[in-house]
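Structure record follows, encoded as structure tokens.
The values are calculated or read from the model by the stated rules, or taken from the named source; none is laboratory data. This one's a predicted model, so the numbers in the text were calculated from it and none came from an experiment. Heads up, the Cβs are rebuilt from the backbone with ideal geometry, glycines too, and the neighbour counts pull from every protein chain shown.
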Amino acid sequence: MQRFRVAVCGAGIGGLATAVALSKYDDIDLDLYEAASKLTEVGAGVVVLPRTWDVLEKLGISEDLSKKAPQQPKREQAPSFTYRKGDEAEGLHIDVLMIQGRLIPLHRAEFQTTLALHLPEHYRIHTSKRLKTYTEENNTIALEFEDGSKETCDVLIGADGIKSVTRSLLMQSLASKTTDTARSDSLLSCIPPEWTGVAVYRSLVPAEKLRSKSPDNPSLVRETMYMGKHGAIVTYPIMGGTIINTAAFTVRHDLAGTPYEGSWSEHVDANEIGSTFAHWEPYVQAILQCMENPLKWAIHTVKPLETFASGHVALLGDAAHAMLPNQGAGAGQAVEDAYILATLLGHPSTKKENLSKALSIYDAIRRPFSQDIARRSRLSSQISSFVSKEIEGLSDNFDGLQGQAKVDALKKFSSTLKNLTQWSWHTTIDTDVERAVSMLEAL
């Protein structure tokens, strides 16, 4: 017997993970709505952190994903990112990040495809369906799409990305119900994404091409971060080591919150990157020479929301907490959202009559955690470009430092990066699941 119907808007990683997680509950009906004309496989690389990998194992897709990874998951301590100071002629090795487990780099399109292959056949997938508006009345949600079609559901999950229509409608609804002008303005201010002052140039570099120019380049064999003033370059092998996912960041933190002029995403000439990295070390120059027609992204984020859920509507992934990519956690946090939300919706205690309470528990569990990861990502972005204003005890003045004294000063930055990231291997989602279920069963 069907308990209720769920509509998921958005078929990216978050929306697909939600559908896979809910597929384990036969009494929940689901429709997946995607604005594009097909389930598009977009993006370059994505890193799966140990905590997220545990969730993917629970979802039953880790085995298929591991076949596409250049390295296999481990539980013991293992080396991860190599940190280098890259913004000088010779470059300087700083440190190697040791973590409990492994970072699993994947091609984003392969990640999405694997999730889609795990959807049950009876799920209904609708393409070319961009949400226009919704109304909620008598515990039922009426959906209207841009093409004029209409549907109904009992739960609406907005996984429709950083420019989320669901978030816009939800914030407008909450703002209309309050008489507090300041709160109303705050809610409405969370609708438009904010530019971070960061732009990233993404490219998939053929490993053989890079090897021909720089045979001993560390990017060929391990995750590498080249750090420098006003920029950073992050690389890691994907697709069995045949491709080096490359992201070159240009950083102006002083411009955070200002309007971004131009397209948020566009292919540009590789020479556009040169002005920032022209003086960087030879390893970096070899990587830049291999980047062809890179895709430039102006990195925007979402302001911290007052809530991820109201009534029978919930937000997840970038729609709820779009963040800087410097913790490699954006996709993983969407997967965690999906797992907690599905656990609550699938629990026998959840009925159509108490859906709003179940969604409020989802908000109570996931919002503080994901917003803290967004904060850590922002700080990591600053540290990787040697900005230290918000971190006590760090100095980005390396002038006059030589030898070990310089290395020791730089290691304070890498150690801080490790401290900001260690949640991803020192914690698991199990504690959050237990809290969520306990809160639900106490209703």
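List the number of the failed condition for Gly332; all other conditions in (1) farther than 25 Å from Arg51 by Cβ; (2) not in a loop (DSSP other than H, G, I, E, B); (3) not hydrophobic (A, V, I, L, M, F, W, C) hold.
Single failed check for Gly332: (1).
Write out, first by first residue and then by second, each pair whose Cβ atoms fall under 9 Å of each other, whose residues are 6+ apart or on separate chains, and whose first residue, in region 291-304, is on the phi > 0 side of the Ramachandran plot while the second is in a loop (DSSP other than H, G, I, E, B) and surrounded by fewer than 20 Cβ atoms within 10 Å (Cβ to Cβ).
From region 291-304, the pairs are Asn293/Val268; Asn293/Asp269.
Tally time: how many residues in region 58-87 are acidic (Asp, Glu) and surrounded by 14 or more Cβ atoms within 10 Å (Cβ to Cβ)? Break it down stepwise before answering.
Let us first name the residues in region 58-87 that are acidic (Asp, Glu), namely 63-64, 76, 87.
Checking which are surrounded by 14 or more Cβ atoms within 10 Å (Cβ to Cβ) leaves us with 64, 87.
Total meeting the criteria: 2.
To keep it simple, each residue is scored yes or no on (1) polar (S, T, N, Q); (2) touching a His at 6+ places or on another chain (Cβ under 9 Å); (3) buried (at least 21 other Cβ atoms within 10 Å of the Cβ).
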site: Ile361; (1), (2), (3): no, no, yes
site: Ser395; (1), (2), (3): yes, no, no
site: Phe413; (1), (2), (3): no, no, yes
site: Asn419; (1), (2), (3): yes, no, no
site: Ser438; (1), (2), (3): yes, no, no
site: Leu443; (1), (2), (3): no, no, no
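Could you please find all residues in region 219-239 being at pLDDT 95 or above and over 24 Å from Ala199 (Cβ atoms)?
Leu220
Looking only at region 67-106, count every residue that is over 19 Å from Gly328 (Cβ atoms), of a type outside the set (A, V, I, L, M) and part of a strand (DSSP E or B) and tell me the total.
Residues in region 67-106 being over 19 Å from Gly328 (Cβ atoms), of a type outside the set (A, V, I, L, M) and part of a strand (DSSP E or B): 2 in total.
For region 42-55, how many residues meet the condition of being within 30 Å of Pro294 (Cα to Cα) and either modelled with pLDDT of 90 or more or among the β-branched types (Val, Ile, Thr) (or both)?
Looking only at region 42-55, we keep the residues that are within 30 Å of Pro294 (Cα to Cα), and these are 42-50, 52-53.
Next, only the ones that are either modelled with pLDDT of 90 or more or among the β-branched types (Val, Ile, Thr) (or both) stay: 42, 46-50, 52-53.
So the count comes out to 8.
Can you tell me which residue within region 253-286, out of those that are assigned to a helix (DSSP H, G or I) and aliphatic (A, V, I, L, M), is surrounded by the fewest Cβ atoms within 10 Å (Cβ to Cβ)? Give the derivation first.
Initially, region 253-286 is screened for residues assigned to a helix (DSSP H, G or I), giving 253-255, 270-277, 282-286.
Checking which are aliphatic (A, V, I, L, M) leaves us with 255, 270, 273, 284, 286.
Values: Leu255: 13, Ala270: 16, Ile273: 21, Val284: 26, Ala286: 19.
By that ranking, first place goes to Leu255.
Quick one: Leu187 ticks every box in (1) under 17 Å from Ile287 (Cβ atoms); (2) assigned to a helix (DSSP H, G or I) except a single one, so which number is it?
(1)
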